[in-house]
Every structure is written in C-alpha cells, then in structure tokens.
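K.L.:
Here it is, the structure, as structure tokens.
The values are calculated or read from the model by the stated rules, or taken from the named source; none is laboratory data. Because the structure is predicted, anything quoted here is derived from the model rather than measured. Neighbour counts run over all protein chains shown; Cβ positions are idealised from the backbone, glycine included. We work out accessible area using only protein heavy atoms, side chains counted, and drop any ligands, DNA or RNA first. Shrake-Rupley method; radii C 1.70, N 1.55, O 1.52, S 1.80 Å.
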Amino acid sequence: MQKTEKLDFIGAFEHAWIQYKSNFTKLAGWGAAIAVPPVFFHFSISAGVILTLLLEGFLMILLANSVLCAEKGLKNEIFSSPKLLLNYAKNGFMVSIILFPLLLIGAVAAIIPSIAVFSVFMFTFFITADGGKFATDAMFESLRRGNGYRFPLFLFSLVFYAAAFFALFLAQLLMPIGFIAGALITPYFFTVIYEFYDQLGIQQ
C-alpha cells in the first residue's frame with residue numbers, strides 16, 4: 001500500500017477489531033506469553049526485570065510476525081525456521097535493552113515522555129518481523145516513517161497506555177484478571193499498529 005497523506009485513525013481501530021476477532025486463536029497465545037514476564041514483578045523485581053529484558057522484545061516481535069501472517073493470509077512457519085527464530089530472539093533482546101529503559105525512564109520522569117517514545121518506535125517490531133532488519137535499523141526506520149504523523153500516533157499511544165494501566169490496575173486487585181486483560185488487550189493494539197503500518201506503506 002502507498003503511504004497515505006492522512007492516517008485513518010478511527011478506521012484503523014475498526015478494521016483492527018474485525019481482524020482481531022477473525023484471528024483471535026492465532027494471536028491470543030502470544031498475548032498471554034507477553035503478559036507472563038510482568039507477573040514476576042509481583043514476586044521479585046530483579047526476576048521481572050531479567051525476564052522482561054530477555055523475553056519481552058522477542059515475544060513482541062513474534063506477535064508482530066503472527067499479526068503480519070494473519071493479515072496477509074500467510075501460514076506462520078516461524079518455528080520451522082530456527083535461523084529466523086534466532087534472529088528474532090537476538091533482535092528482540094536488542095530492542096528490549098534499548099527501548100524498554102527509555103520507556104521506563106520516561107514513565108518515571110513523567111508519563112508523557114514514555115508515551116512519546118513509544119509512539120516513535122512502535123513500528124520497530126513489525127519492521128523487524130517483516131523485513132528482517134537489525135533492531136537499531138528498525139528503530140530508525142520507525143522513527144523516519146512516522147515523520148509527519150506524530151500527533152495521531154501519539155494519540156494512539158495514549159489510548160494504548162490507558163488500556164495497559166487499566167490492566168495493571170486490575171492486576172493489583174486480582175492478578176489473574178489483570179493477566180487475562182493484558183493478554184487480550186496487547187494483540188488487539190498490535191493489530192491496530194499494523195493498520196497504521198499498512199497505511200504508511202512500510203511493508204518491505
């Protein structure tokens with residue numbers, strides 16, 4: 001798809017919902033996997049940090065890959081390619097150690113900087129999954145491709161953060177409910193990110 005002059009913000013959410021429902025069984029498992037590392041923060045901060053850095057970026061790339069395959073009608077053969085899986089793991093770790101500290105620092109300083117950072121680098125996971133680019137190259141590509149669309153992408157990130165904080169709030173009340181909410185919310189919002197990714201014509 002060619003890059004659009006204006007993002008269809010509402011259309012992205014609506015189409016993502018349709019695709020999410022259609023591909024729920026393909027995406028829900030990855031949402032649950034992504035929700036696992038944060039659970040360990042309830043027991044040990046160090047364990048939560050280690051698992052987040054080791055796994056979260058990798059799992060998000062795998063979710064992005066699953067969304068890409070579902071949207072394009074392709075069979076997800078990630079586990080039949082050890083080389084590709086290793087590449088995703090390597091790049092996922094690089095994304096984790098670069099991006100997640102920035103998000104954390106921004107959240108501690110003031111939540112707005114963290115939202116802004118996420119809005120800039122949100123396409124990193126899809127660019128890595130779609131084109132096999134190295135993590136840092138994918139981050140710069142995400143930065144470049146979002147130029148001219150900062151405000152709508154920031155608004156989306158604001159909505160995403162609000163949903164994430166809602167899941168965290170539920171987790172404080174009862175961990176299983178928060179876990180389920182996070183597992184369901186993440187794949188949907190990644191599908192919305194794909195819709196923006198598609199509108200901006202970032203496909204490799």
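K.L.:
Would you please name the residue that is nearest to Y197 (Cα to Cα), looking only at residues in the range 131-169 that are of a type outside the set (F, W, Y) and in a loop (DSSP other than H, G, I, E, B)?
P.N.:
G146
K.L.:
For a quick check of your reading of the model, give me the residue pairs whose first member lies in the range 110-139 and is over 20 Å from F151 (Cβ atoms), whose second is open to solvent by 40 Å² or more (accessible area, probe 1.4 Å) and in a loop (DSSP other than H, G, I, E, B), with beta-carbon atoms closer than 6 Å and at least 6 apart or on different chains.
P.N.:
I127/K133; D130/Q204; G131/Q204
K.L.:
Any residue in the range 175-204 that's touching a residue at least 24 places away in the same chain (Cβ under 8 Å) and more than 15 Å from P152 (Cα to Cα): show its pairings with residues that are open to solvent by less than 10 Å² (accessible area, probe 1.4 Å) and outside any helix (DSSP H, G or I) at Cβ separation under 9 Å, as long as the two are six or more apart or on different chains.
P.N.:
Between residues of the range 175-204 that are touching a residue at least 24 places away in the same chain (Cβ under 8 Å) and more than 15 Å from P152 (Cα to Cα) and residues that are open to solvent by less than 10 Å² (accessible area, probe 1.4 Å) and outside any helix (DSSP H, G or I), the close pairs are I202/F123.
K.L.:
Hey, does the range 43-57 have a residue that's modelled with pLDDT under 90 and aromatic (F, W, Y)?
P.N.:
Within the range 43-57 (the criterion being modelled with pLDDT under 90 and aromatic (F, W, Y)), the answer is yes, since at least one residue qualifies.
K.L.:
Here is a follow-up. Name the one entry in E141, E195 that is more than 21 Å from H15 (Cβ to Cβ), surrounded by 15 or more Cβ atoms within 10 Å (Cβ to Cβ) and of a type in the set (D, E).
P.N.:
It is E141.
K.L.:
I'd like the full set of residues that are open to solvent by 100 Å² or more (accessible area, probe 1.4 Å), modelled with pLDDT under 95 and under 17 Å from the mean Cα position of the chain (by Cα), limited to the range 6-28.
P.N.:
K26
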